[in-house]
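The values are calculated or read from the model by the stated rules, or taken from the named source; none is laboratory data. Keep in mind it's a predicted model, so treat the numbers as computed, not measured. Quick reminder, even Gly has a Cβ in these numbers, built from the backbone with ideal geometry, and neighbours come from all protein chains shown. Accessible surface areas use protein heavy atoms only, side chains included; no ligands, DNA or RNA. Shrake-Rupley method; radii C 1.70, N 1.55, O 1.52, S 1.80 Å.
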Amino acid sequence: MDKPDLSSKPNLTRLAGSTLLSVVVASSPALNAAADAWSSQITLRDPEDNGYVAPIHVMLLPDGELMFFAESRLTENPYQSPMIDRKEVVFKMPSPAADQILFPPEIEVQNLYAETGLDFMQPSTSPAISIFDLDQNAAWTHRDDFVCAGHVLLADGRLMVVGGTRKALKQNGTIPDVGDVTTWDDYHVFGLPYSTIYDGISWSRTENFKGQGFLGQYVSSLTGNNDDLIWRWYSTATRLADSKILITAGQDYVLGGISKYVNYGGIANLSVELFDPDTNSYELLDDNSWSSLPIYNVDYSHVFQLPTETGGRDILMLGQFGIPVMFSTTASPHFENETYRPTRPVKDIGIDDESLTTDIVGAAETAVTNVIPEPNYGAATAMLPLRVQDGEWGYSNGSVIVAGGQMDTSAHSSIDVYDPYANSWLPSLDMGVGRHHPSTVLLPNGKVLVLAGHSGEYDPNLGRAQYIDPANDFSVTTGSASYSELRGYHSISILLPDGRVLLGGGTDDKDALAEKTHLRYYSPDYIDEPRPEIYFVSDTNFDYGEYFFITWDMDTPVEEVVLMSLGSMTHSFDANQRYVQLEVDISIILPEINAGATLFKAPPNSSVAPAGDYMLFAIDGNRVPSVSKMVHLD
């Protein structure tokens with residue numbers, strides 16, 4: 001069958017009798033499940049040692065499978081399983097079938113960690129260890145894992161994992177107890193010095209990063225050597241319009257014997273660099289310095305490729321201080337600070353190394369006022385749906401929603417929207433429940449789903465999904481279905497190809513060793529409605545600005561077509577989440593083939609929709625989405 005030429009607008013009526021349009025390919029059957037409903041818990045088990053697996057990161061891959069980075073322990077109760085008994089887990093799992101409504105109580109996962117090529121029990125020779133260890137003859141080894149890495153899909157569908165965790169332990173040293181600082185001297189946790197790329201079959205390692213953090217800079221100043229002094233932990237990876245990957249901030253040192261010199265906390269890496277997948281190389285854009293502090297978030301800076309430039313900058317960054325930062329890879333200077341989130345509880349404090357405590361991990365405090373100036377710590381964010389008609393829903397395309405945040409501030413129960421083009425915030429909305437470390441999931445009907453989080457104590461409303469509808473003045477509605485467990489720090493959520501949402505892991509509070517070892521599926525409020533059904537897509541490889549069409553079931557006429565990028569989520573932030581409405585030229589009924597057809601245009605450019613893989617959803621007049629089809633945009 002020849003591929004039709006759609007570089008210019010075709011006539012759907014003429015195509016109605018063609019062989020191409022006559023092919024009606026049924027999609028997955030409709031889901032016969034209740035809306036606003038949670039599945040039962042599904043516990044994840046490691047058959048190698050009958051352990052329990054706690055998911056901390058999740059990514060949707062182009063083949064529809066889900067990739068997880070996790071840790072396993074020998075007991076379901078986290079407090080009965082010491083750190084020495086835990087191990088790194090990397091596993092994949094298929095997305096549920098569109099008609100699947102029953103799930104097993106347990107799933108055994110296959111641990112792929114050994115296939116990743118990560119260092120395992122390798123000698124550690126970093127000068128950062130030798131400088132702080134009084135025993136110069138001690139031998140150290142380290143093991144690497146992907147927990148606390150950044151990750152994003154490359155334009156060609158490969159998965160890039162930026163940094164991660166390196167645990168170094170002195171031979172015959174004291175096994176550390178995270179809750180007892182007196183046991184930390186024989187233990188160090190750094191970031192990783194490199195990225196890892198997965199092509200669907202095998203893993204490969206990039207060259208080392210260029211951006212050094214505060215610890216690396218300090219040790220380098222003492223030794224005159226930069227070797228093995230660059231690490232990244234909690235760095236954010238963002239796919240840009242030119243398909244390069246922006247790597248933003250994070251930490252170089254996390255926890256251990258060196259922590260006693262910085263108030264028992266971690267040490268930041270505020271540098272920014274750029275990875276070029278074509279050359280497999282890094283370019284340092286900004287050195288680590290206190291002037292970059294506004295972009296810092298202990299749990300990943302939230303970074304967005306804007307659909308258009310404003311003031312010569314096309315990247316928006318949000319750190320834990322609630323200060324939007326406009327960024328450009330080419331402008332000088334790269335950074336430009338904007339207007340504080342309205343829930344920020346203090347005035348401009350002139351952020352620098354003198355006004356903040358040395359330890360900027362966690363709740364940084366001003367030396368004078370002793371006020372927590374970081375409303376966005378523990379907030380979830382998402383870029384709002386990009387509409388063909390900019391401003392149609394009362395905000396500029398590129399605006400970002402911020403949900404929840406720091407406890408003991410008004411941000412904890414607030415929803416705020418920042419418009420980078422007006423440099424202003426819309427009036428705050430009240431969720432009615434405090435959510436620290438929630439999730440914000442873009443749904444294909446344009447609503448924003450807010451899930452999970454914690455409030456310091458149990459609140460039954462935390463188990464209910466909340467819907468933010470930007471099409472209706474950002475109305476807030478709360479579902480009736482609830483789950484009983486708390487899912488706070490380290491919880492994960494992601495949109496699935498059938499329109500459901502996965503939610504898993506999480507702790508009761510901020511105890512990073514007490515993640516839950518199970519997950520649930522959530523059926524949003526559209527699941528039990530009559531849903532559009534995509535029969536056929538004219539081509540699954542989209543070119544910018546060109547025409548494509550779908551055919552669909554006449555019983556549910558299609559009015560909109562949207563692209564949803566494949567999620568890549570951890571720590572309340574999905575680095576790959578994006579909703580792009582496509583320009584529809586015409587939707588008609590084609591009685592010759594007993595189907596309807598919609599002609600639409602691919603996105604105009606890569607700033608609106610960076611090249612890569614997307615889910616294509618058809619939406620009817622009641623804003624009910626179909627099951628998606630996977631497409632690639634380039």
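The table below lists the values:
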quantity	calculated
Accessible surface of the range 390-439, 1.4 Å probe, proportion on carbon and sulfur as whole %	46
Apportionment of accessible area to carbon and sulfur, the range 228-341, percent (1.4 Å)	46
Average accessible area per residue (Å²) across the range 162-249 - probe 1.4 Å, nucleic acids and ligands excluded	38
MRE, 222 nm, helices only [DSSP H, n ≥ 4, -39500 (n - 2.57), over the chain, to nearest 500]	-1000 deg cm²/dmol
Of LYS210/LYS629; LYS167/LYS516; LYS92/LYS516; LYS244/LYS516, those spanning more than 27 Å from alpha-carbon to alpha-carbon	LYS210/LYS629; LYS244/LYS516
Stretchable slack from LYS92 to ASN541, in nm (0.36 nm times residue separation minus alpha-carbon distance)	159.1 nm
Sorted peptide list for 588-595, 620-627, criterion being average Cβ within 10 angstrom, highest first	620-627, 588-595
For the range 375-510, diffusion coefficient by Stokes-Einstein and Kirkwood Rh (Cα), 20 °C, 1.002 mPa s, µm²/s	144
Helix 214-223 vs. the chain, principal-axis angle (Cα, 0 to 90°, nearest 10)	40
Average accessible area per residue (Å²) across the range 509-634 - probe 1.4 Å, nucleic acids and ligands excluded	30
Overall dimensions of the range 154-199 by Cα: Rg and Dmax, Å	15.8, 47
Percent RCO, i.e. relative contact order, over the range 507-634, from Cα pairs under 8 Å lying at least 6 residues apart	30
Environment charge of SER413, counting only residues whose C-beta is closer than 12 Å and scoring Lys/Arg +1, Asp/Glu -1	-3
Calculated over the range 39-163: convex hull of Cα atoms, volume per residue (Å³)	147
Projected area, mean over directions - the range 204-244, Cα convex hull, nm²	4.0
Peptides 241-249, 137-145 ordered by average Cβ neighbours within 10 Å, highest first	241-249, 137-145
Cα-based convex hull, the range 552-613, per residue volume (Å³, whole number)	108
The range 76-144 - Rg over Rh from alpha carbon coordinates, Kirkwood radius	1.18
Computed accessible area, ASP574, all protein chains, 1.4 angstrom probe, square angstrom	20
Carbon/sulfur fraction of accessible area - the range 546-634, other protein chains in place, 1.4 Å, %	43
Cα extents of the range 388-447 along the three principal axes, largest first (Å)	38, 27, 15
Rg/Rh (Cα only; Kirkwood hydrodynamic radius) as it applies to the range 103-236	1.02
Within the range 140-183: backbone nitrogen closer than 19 Å to the THR75 label point (7 Å, Cα to C-beta)	175-180
Relative contact order [Cα under 8 Å, 6+ residues apart], the range 101-231, whole percent	21
Distance histogram for the range 198-334 (every C-alpha pair counted, 10 angstrom bins, percent rounded to whole numbers)	12, 40, 33, 14, 1
List SER587, SER538, ordered by accessible area with a 1.4 Å probe, largest first	SER587, SER538
Label-point separation, GLU392 to ASP227 (7 Å along Cα→Cβ), nm	5.9
Stokes-Einstein D (µm²/s) once Rh is taken as the Kirkwood radius of the range 269-325 over alpha-carbon pairs, at 37 °C in 0.692 mPa s	261
Size descriptor, Kirkwood hydrodynamic radius, that averages inverse alpha-carbon separations across the chain, Å	25.0
